[in-house]
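Notes for the one structure printed next.
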Amino acid sequence: MNKNALALTFLLQMSQVFYCIEDPDKIDVVDMTKPTTWRDLAIYYGAVEKHWKMCINCGVPDLGTGIHLEHTGSTGSMHPAVIPSEYLLSRLSIVDVSTLTTLNPSVVLTLDVALQWAALKHDPKEPTLLLFKFGWTEDNNNQINVGACVCKVPGLSYELAEWIAANLSHVVGVATDTPTFESEQTREFASRTVSNVLGRSGIYMIENVHFRRKMPEQGCMALAMPLKLLNAPYVPTRLTAFCPSTKSDLHVVMALKKEVPTQTRLPNSRVYDVNLDEILS
C-alpha cells in the first residue's frame, strides 16, 4: 500500500468542537449526478476531434454532469485534468434562485441581485463550491435547439462572474443545474463569457447537476470526481454531497488523514523465516 494513502474522516462541526461520526445514519450521501451514455460521449468527442462546428454556449445536456474550465471552444484552454485533487473536495454552498426563474425562465442573474445572498457577498473561510439552483429539469431541455444553437437557459451575468473571480478567493468551483452558465448576455460572445473569466481564474465549472431532493443551503461538503481524461476540455464527472441527516447547526466536515500502514506478516508464510545469508554462503 502507498505510504501516502489518504483516508477520509467524516466529522460534524459545531462552533470549534469536532465530533467524529461513527453512526453513518447521521450523514446523508446524495448523488447529484446526471448520467450519460457511451453513444453520446462518442458523438461529442468525435465532433471535437474532427473540429466540427458545435453549439457550445447552449450547453451539452446529453453529456450529463460535466466539468470544464475555460470556454470549451477557446484556443489553448485549460483542461480539467490539471485541477488539483484537493480542490475537488470542498464546502458546498447552495444559492437557490429558482424563484427568479419562475418569473423569467431565461433570467440573467446580475451582480446586484446576487449580492442579496450572503454566500456571494462574503468570501468563504474555506475552499467552497458554489452551486446555483435555477430549478432546471429534464423537461426544460426542449428549450434548447442545438442544431440552430438557440436556447432559453438562465445563467450568470459577466459582471457577476467577474465579482466571483476577483473577490471570492476561496471559491474553487461553481456548479449549476442548467446545461450552461452562459446567459443571454454572454452567449453570443467568443471571449467575453462566464466560462472564460472563471476558468482563467482557476475556478472550475460543473454543469447539469441533478437535485434529487431538497438540500440545506449550508452545512454540506461536496466531492467532485471527474474522469481523468487528458487533452479534453469537457469531461463527465460525478458530484456527491455529504449533508447532515437532520436539520441542525451542525456542518459535515471531511478531513484527509494521511495513514502510514505497518507491514504485516502474511499468514502461514515463511518469507520472513528465510535467511538469505545462509543460502548465499
In terms of modelled amide H atoms, which long-range or inter-chain residues lie less than 5 Å from the amide H of V171?
T128
When a footprinting reagent is the concern and you count Cβ atoms within 10 Å, what order do M221, M215, M78 take, fewest first?
M78, M215, M221
What pairs in K133/K228; K26/K125; K26/K214; K214/K247; K121/K247; K26/K247 have C-alpha atoms more than 20 Å from each other?
K133/K228; K26/K125; K121/K247
Please state the relative contact order of the range 28-250 as a whole percent: Cα pairs under 8 Å, 6+ residues apart?
34
What translational diffusion coefficient, to the nearest whole µm²/s, does the range 28-250 have by Stokes-Einstein, given a Kirkwood radius computed over alpha-carbon pairs, a temperature of 25 °C and 0.890 mPa s viscosity?
141
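Read-outs: derived from the displayed coordinates by stated rules, not from any lab. Computed from a predicted structure; not experimentally measured. Here Cβ is always computed from backbone atoms with ideal geometry, including for glycine, and neighbour counts include all displayed protein chains.
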